[in-house]
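Enquirer: Questions regarding the structure given below will be posed in turn.
The values are calculated or read from the model by the stated rules, or taken from the named source; none is laboratory data. Keep in mind it's a predicted model, so treat the numbers as computed, not measured. Note: ideal-geometry Cβ built from the backbone for every residue, glycine included; neighbour counts use all protein chains shown.
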Amino acid sequence: MIKTQNYIKDNKDRFLDELLELLRIPSVSADPKYKDDVKKTAEFIAEKLRSAGCDKVEIFPTKGHPIVYAESIINPDYPTVLVYGHYDVQPPDPLDLWDSPPFEPVIKKTEIHPEGAIFARGSCDDKGQVYMHIKAFESMRATGEQNCNLKFMIEGEEEVGSDNLGTFCKNHKDLLCADMVLISDTSVIANDVPSITVGLRGLSYLEVEVTGPNKDLHSGVYGGAVGNPINVLCDMISSMKDENNHITIPGFYDDVEIVSIEDRAAMNQAPFNIENYKKELGINATQGEKGYTVLEQTSIRPTLDVNGIWGGYIGEGAKTVLPSKAFAKISMRLVPNQKSEEITRLFTAHFKSKAPDCVKVEVRPHHGGEAAVTPTDTPEYQAASMAMEKTYGKKPIPVRGGGSIPIVALFESVLGLKSVLMGFGLDSDDIHSPNEHYGVFNYFKGIETIPYFYQNYHELKK
Ligand code: BES
Ligand code: MN
Ligand code: MN
């Protein structure tokens, strides 16, 4: 891999410039006004895969945003790795909280990133991490050191639930035939504490609408007698957790995977400093399910959170109104064995049963997905572990992550493929938040590590 590593060194500036160019295209999947930019991003990715040396590159349109597919099949005896990632990004809002415009990338030094970090929406999640794979492939290909067959599937709808990717996988099983899936869309514990994500949580996401009187009312004339849907919604939400932060929906925990005491002890060996955690977030105390550590609360335990809530008057000044309606977006992070559809059903039934007679409620499900866990005693995991050990000089720690990538469970159920989550971001990179950034160190560490993964996988699969 010497030639590959030298090629990477010789092309550093260009590799960085190209990523900045990619980050300038605002590929916001959630907002229809960016539709053309999302398409342009797909074309950019396709073009770069072509020039990196893929011999088959195709943009598949979907009902939503396009999927970029490319492959480089060089030897039928080599193992085949399907690289998955997403080129779409979260909306940049709220814009006024960004120190520099979200789609005008700048490199600035920070305490955690003394070598500089690229500030832009999508820099870490996931354009920067996708682009590492394209440049790692280019480097191996250009130096004749490619030793796995590669397929790339880079989608444009991950941040909105990957609605069309499941169907695409079902309809293209032959095209996507591979030995495993490799994904860089997660984080490491720290730049000197490498880790590999071995678990993702599932998700059930829904929106509720609570209707009281048939129109907005004067809160003096009617207040006191007519149920206020915002007050009612708040009561209903707060009744969904008890004093131990245990979720009160009947049946919610029935299928939750019980993690053994030994596994929990191992999990809590991962370096974690509660004081730094609180300081970084500006909080005086954490709040989570009683009986579990923060690391457990954010990985092996399910959650219920309000993501947005609105209703009534929120303009300037005061308006004395008793509103007709109140709304909330609510999500539940799920753990292995909980089924997203079942949890959505349980929530809906419970929420409706809790509604007092003075209101009507509606529950509308959004997207969902299942949790996933990956074993560590496989050639796939070992190849990643050895690759990181080589470039970080330390063996990575397997950790369960709290986020969700719903397609990972579908790769297993539809394509029969296990995924390896070899991500290079940091949890402090502010993905989905203002001032998202990605370390220049992390970007190049990824590009350097990925070729070793392929080399190891090639050897282990012989
Ligand atoms: N890359 C993230 C998921 C992630 C982040 C996993 C950090 C582990 C650590 C992904 O892009 C994401 O944001 N997923 C969404 C789910 C999706 C259905 C909108 C999430 O987790 O909220
Ligand atoms: Mn992502
Ligand atoms: Mn994301």
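Enquirer: Could you look through the stretch 421-432, keep only residues that are more than 28 Å from Asn337 (Cα to Cα) and part of a helix (DSSP H, G or I), and pick out the one that is farthest from ligand 2 (Cβ to nearest atom)?
Expert: Ranking the candidates gives Ser428 first.
Enquirer: Return yes or no: is Val399 touching a residue at least 24 places away in the same chain (Cβ under 8 Å) and either within 21 Å of Phe424 (Cβ to Cβ) or in contact with a Cys (Cβ under 9 Å, 6 or more places away or on another chain) (or both)?
Expert: Taking the combined requirement at face value, the residue satisfies it.
Enquirer: Can I ask one more? If the requirement is being within 14 Å of ligand 2 (Cβ to nearest atom) and either in the same structural domain as Phe119 (by TED's automatic domain parsing) or not small (Gly, Ala, Ser) (or both), which of these qualifies: Gly416, Gly439, Gly393, Gly401?
Expert: Unique residue meeting the criteria: Gly401.
Enquirer: Looking at this structure, is Pro76 outside any helix (DSSP H, G or I), within 16 Å of ligand 3 (Cβ to nearest atom) and either out of contact with any His (no Cβ under 6 Å at 6 or more places or on another chain) or charged (D, E, K, R) (or both)?
Expert: no
Enquirer: Now for a different question. Which of the numbered conditions does Val130 fail, given that it passes all the others? Conditions: (1) surrounded by 21 or more Cβ atoms within 10 Å (Cβ to Cβ); (2) within 16 Å of ligand 3 (Cβ to nearest atom); (3) not in a helix (DSSP H, G or I).
Expert: Of everything listed in (1) surrounded by 21 or more Cβ atoms within 10 Å (Cβ to Cβ); (2) within 16 Å of ligand 3 (Cβ to nearest atom); (3) not in a helix (DSSP H, G or I), Val130 misses just condition (3).
Enquirer: So, one more: Could you grab me the full set of residues in the stretch 241-275 that are exposed (fewer than 11 other Cβ atoms within 10 Å of the Cβ), under 23 Å from Gln287 (Cβ atoms) and of a type in the set (S, T, N, Q)?
Expert: Asn244, Asn273
Enquirer: Take the conditions surrounded by 14 or more Cβ atoms within 10 Å (Cβ to Cβ) and farther than 23 Å from Arg264 by Cβ and apply them to Ala383. Does it pass?
Expert: Yes; evaluated as a whole, the condition is true for this residue.
Enquirer: Applying the selection to the stretch 386-405, what residues are within 26 Å of Glu155 (Cα to Cα) and not charged (D, E, K, R)?
Expert: Scanning the stretch 386-405 gives Ala387, Met388, Val399, Gly401, Gly402, Gly403, Ser404, Ile405.
Enquirer: More than 30 Å from Gly199 (Cβ to Cβ) and out of contact with any Asp or Glu (no Cβ under 8 Å at 6 or more places or on another chain) - does that describe any residue in the stretch 296-303?
Expert: no
Enquirer: Got at least one residue in the stretch 436-443 being part of a loop (DSSP other than H, G, I, E, B), surrounded by 19 or more Cβ atoms within 10 Å (Cβ to Cβ) and not charged (D, E, K, R)?
Expert: Scanning the stretch 436-443 turns up no residue that is part of a loop (DSSP other than H, G, I, E, B), surrounded by 19 or more Cβ atoms within 10 Å (Cβ to Cβ) and not charged (D, E, K, R).
Enquirer: Let me ask something else about it. Assess whether Lys56 counts as being under 28 Å from Asp192 (Cα atoms), assigned by TED's automatic domain parsing to the domain that holds Asp10, surrounded by fewer than 19 Cβ atoms within 10 Å (Cβ to Cβ) and free of Cβ contacts under 8 Å to residues at least 24 places away in the same chain.
Expert: no
Enquirer: Check Leu95 against each of (1) more than 16 Å from ligand 1 (Cβ to nearest atom); (2) in contact with a strand residue (DSSP E or B) (Cβ under 9 Å, 6 or more places away or on another chain); (3) not charged (D, E, K, R) and name the one condition it does not meet.
Expert: Failed condition: (2).
Enquirer: For the stretch 87-127, enumerate the residues that are over 15 Å from Leu19 (Cβ atoms) and not in a loop (DSSP other than H, G, I, E, B).
Expert: Hits for the stretch 87-127 are Leu95, Asp96, Leu97, Lys108.
Enquirer: Let me ask another. Among (1) touching a strand residue (DSSP E or B) at 6+ places or on another chain (Cβ under 7 Å); (2) away from ligand 3 (no atom under 16 Å from the Cβ); (3) among the charged types (D, E, K, R), which single condition is Lys461 missing?
Expert: (1)
Enquirer: So, one more: Which one of Glu341, Glu362, Glu436 is of a type in the set (D, E, K, R), in contact (Cβ under 8 Å) with a residue 12 or more places away in the chain and away from ligand 1 (no atom under 16 Å from the Cβ)?
Expert: Glu362
Enquirer: State whether one or more residues within the stretch 224-245 are farther than 29 Å from Leu304 by Cβ and away from ligand 3 (no atom under 16 Å from the Cβ).
Expert: Within the stretch 224-245, one or more residues are farther than 29 Å from Leu304 by Cβ and away from ligand 3 (no atom under 16 Å from the Cβ).
Enquirer: Considering the stretch 72-127 alone, what residues qualify as being surrounded by fewer than 19 Cβ atoms within 10 Å (Cβ to Cβ) and within 16 Å of ligand 2 (Cβ to nearest atom)?
Expert: Once the filter is applied, which keeps residues that are surrounded by fewer than 19 Cβ atoms within 10 Å (Cβ to Cβ) and within 16 Å of ligand 2 (Cβ to nearest atom), the stretch 72-127 yields only Pro91.
Enquirer: Within the stretch 327-343, does at least one residue satisfy the condition of being among the charged types (D, E, K, R), out of contact with any strand residue (DSSP E or B) (no Cβ under 7 Å at 6 or more places or on another chain) and surrounded by 14 or more Cβ atoms within 10 Å (Cβ to Cβ)?
Expert: Yes, the stretch 327-343 contains a residue that is among the charged types (D, E, K, R), out of contact with any strand residue (DSSP E or B) (no Cβ under 7 Å at 6 or more places or on another chain) and surrounded by 14 or more Cβ atoms within 10 Å (Cβ to Cβ).
Enquirer: Cβ-Cβ under 7 Å, sequence separation 6+ or interchain: first residue in the stretch 223-250 and touching a residue at least 12 places away in the same chain (Cβ under 8 Å), partner assigned to a loop (DSSP other than H, G, I, E, B) and among the β-branched types (Val, Ile, Thr). Which pairs?
Expert: Note: pairs meeting the criteria are Gly227/Val359; Pro229/Val359; Val232/Val359; Ser239/Thr248; Met240/Thr248; Met240/Ile249; Lys241/Thr248.
Yes/no matrix, rows are residues, columns are (1) crowded, with 24+ Cβ neighbours inside 10 Å; (2) assigned by TED's automatic domain parsing to the domain that holds Lys418; (3) more than 16 Å from ligand 2 (Cβ to nearest atom); (4) closer than 25 Å to Asn147 by Cα:
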residue: Ala178; (1), (2), (3), (4): no, yes, yes, yes
residue: Ser184; (1), (2), (3), (4): yes, yes, no, yes
residue: Ile189; (1), (2), (3), (4): no, yes, yes, no
residue: Glu209; (1), (2), (3), (4): no, no, yes, no
residue: Val221; (1), (2), (3), (4): no, no, yes, no
residue: Ala225; (1), (2), (3), (4): no, no, yes, no
residue: Pro229; (1), (2), (3), (4): yes, no, yes, no
residue: Leu233; (1), (2), (3), (4): yes, no, yes, no
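Enquirer: Can you find a residue that is surrounded by 10 or more Cβ atoms within 10 Å (Cβ to Cβ), free of Cβ contacts under 8 Å to residues at least 12 places away in the same chain and of a type outside the set (Gly, Ala, Ser) anywhere in the stretch 303-316?
Expert: Among the residues of the stretch 303-316, at least one is surrounded by 10 or more Cβ atoms within 10 Å (Cβ to Cβ), free of Cβ contacts under 8 Å to residues at least 12 places away in the same chain and of a type outside the set (Gly, Ala, Ser), which makes the answer yes.
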